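Asker: Quick one: structure below, then a few questions.
Bear in mind that the values in this text are calculations on the coordinates, not laboratory data. This structure is a prediction, so every number in the text was calculated from the model and none was measured. Here the Cβ is made from the backbone with ideal geometry for all residues, glycine too, and neighbour counts use every protein chain on show.
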């Protein structure tokens, strides 16, 4: 598995966990009857901060762990190549495109809740849900492209 | 998706260059070893520039490294 694939796998795991956390919190709020704007926007803040911090930490940890594993395997100075060649760039662009398409569909579905006479809070909750889901779909598509080729 | 229609002789040419490793070829053309592996497995068609760089490393014409299989074009 290349360094880029490891990074994508870490990102996929991170965003899946954050998505799980977000869904659990939303369902808890609905059950508790505390599904109000203050709690929802607080959850927005937590999820966005988690997304940024965990992504940065994940990248650094992947780098360190890869270097340690390589050093143990080869018993030499680790040589982690973080170069992104044309194939990596194309896969990244295709993954980003799929993420945008997924998120665009998500935004459209979120807006539909207005047509169904739902309060704006439902739309805002769905916006973050589809944002996280789009990131997960993008990461899966990147891994798929690395494995299957194109 | 899947197999590319661009065929190549990279594995054979590496063999005739004293079993040049994938990493050595990758370093000389400026890509990752994974990209060389993907090309050898015909899962990735390189850009024209990379194709020329690979031909230059082996010191052969481009057509000797890469060929195009138009089999599926008629479908």
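Asker: Need one word for region A:32-150: rounded, prolate or oblate. Basis is the Cα gyration tensor (sqrt eigenvalues a ≥ b ≥ c); a/c below 1.5 gives rounded, then a/b vs b/c decides.
Answerer: On the way: a/c = 4.22, a/b = 1.85, b/c = 2.28.
Cα axes put region A:32-150 in the oblate bin.
Asker: Compute the helix-to-body angle for A:37-74: its Cα long axis versus the longest principal axis of chain A, expressed 0 to 90° and rounded to tens.
Answerer: 10
Asker: Would you calculate a helix-derived [θ] at 222 nm for chain A, using -39,500 (n - 2.57) for each DSSP H run of n ≥ 4 and dividing by the full residue count, to the nearest 500? Write out the running numbers ahead of the final one.
Answerer: Numbers: 4 runs with 127 residues, N = 150.
My calculation for chain A gives -30500 deg cm²/dmol from helical runs alone.
Asker: When a/c reaches 1.5 or more, the comparison of a/b and b/c decides; with that in mind, is the protein assembly as shown rounded, prolate or oblate per its Cα gyration tensor?
Answerer: Oblate, since a/c reaches 1.5 and b/c is not below a/b.
Asker: Could you check the spin-label model distance between residue A:108 and residue A:72? Points 7 Å from the Cα along Cα→Cβ, value in nm.
Answerer: 4.8
Asker: Can you give the calculated 222 nm mean residue ellipticity of chain B, where each DSSP H run of n ≥ 4 adds -39,500 (n - 2.57) and the sum is split over every residue, rounded to the nearest 500 deg cm²/dmol? Numbers along the way, then the final one.
Answerer: Values: 5 runs with 38 residues, N = 75.
Per the formula, -13000 deg cm²/dmol.
Asker: Related question: For a quick check, take a GNM of chain B with Cα springs below 10 Å and name the residue from B:65, B:29, B:57 with the largest mean-square fluctuation.
Answerer: In the Gaussian network model the winner is B:57.
Asker: Sticking with this one: When chain A is modelled as a GNM with alpha-carbon springs shorter than 10 Å, which of A:67, A:102, A:115 fluctuates the most?
Answerer: Judging by the Gaussian network model, the answer is A:115.
Asker: Give me the angle, in degrees from 0 to 90, between the Cα long axis of helix A:86-115 and the longest principal axis of the Cα atoms of chain A, rounded to the nearest 10.
Answerer: 10
Asker: Let me ask something else about it. Between region A:80-109 and region A:35-60, how far is it from one alpha carbon centroid to the other, in angstrom?
Answerer: 21
Asker: Could I ask something else about it? If you count, for every residue in A:86-94, the Cβ atoms of partner chains within 10 Å of its Cβ, what is the mean?
Answerer: Working: counts 8, 13, 4, 0, 2, 1, 0, 0, 0.
Rounded to a whole number, the mean comes out at 3.
Asker: Hey, fewest Cβ within 10 Å first, where do A:97, A:75 land in order? Mind showing how you got there, number by number?
Answerer: Working: A:97 12, A:75 7.
Ascending number of Cβ neighbours within 10 Å: A:75, A:97.
Asker: A follow-up question, please. Report, in whole Å, the centroid distance computed from the Cα atoms of region A:122-148 and region B:2-48.
Answerer: If we compute the Cα centre of each part, the gap is 32 Å.
Asker: Most fluctuating residue of A:36, A:14, A:117 in a GNM of chain A with Cα springs under 10 Å: which is it?
Answerer: Among A:36, A:14, A:117, the largest mean-square fluctuation in the Gaussian network model of chain A belongs to A:117.
Asker: Something else about it: Classify chain B from the C-alpha gyration tensor, please: rounded if a/c falls under 1.5, else prolate or oblate depending on whether a/b exceeds b/c.
Answerer: Working: a/c = 1.93, a/b = 1.60, b/c = 1.21.
Prolate is the answer for chain B, as a/c is 1.5 or above and a/b outweighs b/c.
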